[in-house]
Amino acid sequence: MIDLRSDTVTRPSEVMRTAMANADVGDDVYGDDPTVNRLQSATAERLGKEAAVFLPSGTQSNLVALLTHCQRGDEYIVGHDAHTYKYEGGGAAALGGIQPQPVAFVDNGEVSLEEAANAVKVDDSHFARTKLLCLENTQHGRVQSLEYMQRAKALADQHGLSLHLDGARMGNAAVALGVSLEAVAKPFDSVSLCLSKGLGAPVGSVLVGDKDFIKEATRWRKVTGGGMRQAGVLAAAGLIAIDDGFKRLGEDHERALALEQGLNGINGVSVRKGWTQTNMVWLNFDEGIGDAFTQHCQQQGVLLSATTYGARLVTHLDLNDDDIAETIQVFRDYFK
Ligand SMILES: *Cc1c(COP(=O)(O)O)cnc(C)c1O
C-alpha cells in the first residue's frame, strides 16, 4: 500500500532496528539509561537548550510542558486549530485544571498576535492567570517564519508569559527555512519535538528547556505515567532519527511538491494554494466525495485520510517517486 495518511506510518529501518537491538540500557526512572541520556543531551544541544527529557509521545510531551509552565487556574493562549488545543483530548484542562484561551489562526497558520495580546488577562480575581503562549511549527504543514516567532517572543516578554513551541514537525520547518533546529527553537522557553513523524523513529518525543524546567518536567512525566525503564531501545532509534532522519526531510518536501503539481490540473480537485510548504498537500474536492473516494483509492492501493470535501496527503521516508506517480494516476482515473 502507498500510505499517505500521515508521516507517522513509517517503519523503523534496518539500521534503526540494529541500533535498537544493540542499545546500552539501564533503568531510566533512575536516570541510568545511557542511551536515553545520550538522546536527551544530543537533542538539547541540537536545539540550543540546557536540558531535555524523553517522553513516549508528543501529546504527553506537550501536556507535561503545560503542566510545568502552568498551575491550576492558570491559562495558556493557543491557536483555535492548534494540536495543543484541539487534538490532545483536552488534557491540560482535564488533568491540570489549566484553561485554554484559544485565539484565531490567521490564513498562514500564525496566531493573530493582536488577538493574543488582547486575550492576556489583567491581575484580577475574576480571571484565570495568563501564563503561557503556545505556538506550533509547522502548522498543518505550513512553515512559521523566524520573524513571526520573534514577534511572539516580544509579546510574551512584554506580558511576562512563557513561550512554548509544539515543534512536532519543527525539523520540517528548519529544512524549509534553511536554518538549524536551534534557530527555530531559539525564542522559546520550551520546545517539544516528535521523533516518530518524518524523522522515522517508531516511538518518542523530546521536550527541551532550561535545567530547572526539565527537572520539573521530569517530575510531571512520572506523574502522568510516562516514566520508562530500559527505554534506551527506543532512544537508540531516536538518535538515528535526529541525525539521519533530519537530513533527508528535504526529499519529502520535494515529493509533496511533485504530488501537488501532478494533482493540480485534475478537474474536480483543487490543491490549497500556498499550503504545500513541507511534506503535506491539502486538497479540496468540488463535490462531497470523501468516503467514495477513499474507498476507490484503497482499492487501488492508496491510503489517505479524506474528509467529505477534502484530503490531506503526507509524504514520508517510506515513499518513493514511483509511489507519487502512481498516486497521481489513481486520482486521474477517478476524476476522468
Ligand atoms: C502529532 C502531533 C503532536 C502529538 O504527537 P503524538 O506523538 O501523536 O502524541 C503534537 N503536535 C502536532 C502539531 C502534531 O502533529
* Work from the charge dipole of the chain (Cβ charges, +1 for Lys and Arg, -1 for Asp and Glu, about the Cα centre) and give the residue of Gly97, Ile328, His83 farthest towards its positive end. => Gly97
* Structure fact -> Surrounding charge for Glu147, neighbours by C-beta under 14 angstrom, Lys/Arg +1, Asp/Glu -1, total +2
* Structure fact -> Other residues with Cβ under 9 Å from the Cβ of Gln101 give, with Lys and Arg +1 and Asp and Glu -1, a net charge of 0
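Using a simple charge model, +1 on the beta-carbon of Lys and Arg, -1 on the beta-carbon of Asp and Glu, nothing else, what dipole does the chain show about its Cα centre, in debye to the nearest 20?
On the way: 31 positive and 44 negative charges, 82 e Å.
Charge dipole of the chain: 400 debye, to the nearest 20.
Figure the gain on full extension for Ala325 and Ala154 (residue separation times 0.36 nm, minus the Cα-Cα span) and round it to one decimal in nm.
Numbers: separation 171, 0.36 × 171 = 61.56 nm, distance 4.50 nm.
Extending this stretch completely gives an extra 57.1 nm.
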* Relative to the present Cα-Cα distance, how much length would full extension add between Lys247 and Asp32 at 0.36 nm per residue of separation? -> 74.5 nm
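How large is the helix-only mean residue ellipticity at 222 nm for the chain, computed as the sum of -39500 (n - 2.57) over DSSP H runs with n ≥ 4, divided by its residue count, in deg cm²/dmol to the nearest 500?
Values: 14 runs with 141 residues, N = 336.
Rounded to the nearest 500, the figure is -12500 deg cm²/dmol.
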* Taking amide H positions as placed 1.01 Å from N in the peptide plane, with prolines and chain starts having none, which residues 5 or more places from Glu136, or on another chain, fall under 5 Å of its amide H? -> Asp166
* **Amide H within-cut-off set for Ser205, under 5 Å, with H built and near neighbours excluded** => Leu55, Ser57, Leu195
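So, with +1 on the Cβ of K and R and -1 on the Cβ of D and E, and no other charges, what is the size of the charge dipole of region 183-245 about its Cα centre, to the nearest 20 debye?
Details: 8 positive and 6 negative charges, 55 e Å.
In total the dipole reaches around 260 debye.
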* Asked: Expressed as a whole number of Å, what is the distance separating the alpha-carbon centroids of region 1-54 and region 134-196?
  -> 21 Å
* Asked: Ordered by residue, what ³J(HN,Hα) values in Hz, to whole numbers, does region 280-293 give under the Karplus form 6.51 cos²θ - 1.76 cosθ + 1.60, where θ = phi - 60° and Gly and Pro are x?
  -> 10, 10, 10, 10, 10, 9, 5, 10, x, 9, x, 5, 4, 5
* **P(r) histogram, all alpha-carbon pairs of the chain included - 20 Å bins from 0, percent** => 31, 55, 13, 0
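Just in region 95-188: which chymotrypsin sites (Phe, Trp or Tyr not before Pro) are loop by DSSP and have at most 14 other Cβ atoms within 10 Å? Don't skip to the answer; put the middle values down first.
On the way: sites: Phe105, Phe127, Tyr148, Phe188; in loops: Phe127, Phe188.
Counting only loop positions with at most 14 other Cβ atoms within 10 Å, the chymotrypsin sites (Phe, Trp or Tyr not before Pro) in region 95-188 are Phe127.
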* Enumerate the calculated ³J(HN,Hα) couplings along region 161-170 in order (Karplus 6.51 cos²θ - 1.76 cosθ + 1.60, θ = phi - 60°), each rounded to whole Hz, writing x wherever the residue is Gly or Pro. => 9, 7, 10, 10, 10, 7, x, 3, 10, 5
* How much net charge surrounds Ser205 when only other residues with a Cβ under 13 Å from its Cβ are counted (Lys, Arg +1; Asp, Glu -1)? -> +1
* Farthest toward the dipole's positive end in the chain, which of Ser41, Leu239, Gly171, given Cβ charges of +1 (Lys, Arg) and -1 (Asp, Glu) about the Cα centre? -> Ser41
* Within region 51-71, what residues put their amide N at less than 11 Å from the label point 7 Å along the Cα-to-Cβ vector of Thr8? -> 57-60
* Asked: Can you give the relative contact order of the chain as a percent, counting alpha carbon pairs under 8 Å and 6+ residues apart?
  -> 24 percent
* To do: Taking a cut-off of 23 Å between Cα atoms, list the lysines near Lys247, but don't count ones fewer than 8 places away on the same chain.
  => Lys49, Lys186, Lys197
* Relative to the compact globular guide of 2.2 N^0.38 Å, what is the alpha carbon radius of gyration of region 248-335, as a ratio? -> 0.99
* Rounded to whole Hz and in sequence order, give me ³J(HN,Hα) for region 300-309 from the Karplus expression 6.51 cos²θ - 1.76 cosθ + 1.60, θ = phi - 60°, writing x for Gly and Pro. => 8, x, 10, 9, 8, 9, 10, 9, 4, 10
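Loop only by DSSP, 15 or fewer other Cβ within 10 Å of the Cβ. Give me the trypsin sites (Lys or Arg not before Pro) in region 231-320 that pass, ordered by residue number.
Working: sites: Lys247, Arg248, Arg255, Arg272, Lys273, Arg312; in loops: Arg248, Arg272, Lys273.
Hits after loop and neighbour filter: Arg248, Lys273.
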* Asked: Stretch Glu114-Glu45 to full length: gain in nm at 0.36 nm per residue minus the Cα-Cα span?
  -> 21.5 nm
* Given the alpha-carbon gyration tensor of region 1-107, what are the semi-axes of its equivalent ellipsoid in whole angstrom, ordered largest first, with each equal to the square root of 5 times an eigenvalue? -> 31, 21, 13
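Each value in this text was obtained by applying a stated rule to the coordinates, not by laboratory testing. All values derive from a computational prediction rather than experimental measurement. With ideal geometry, Cβ positions are generated from the backbone for all residues, glycine too; neighbour counts draw on all protein chains shown.
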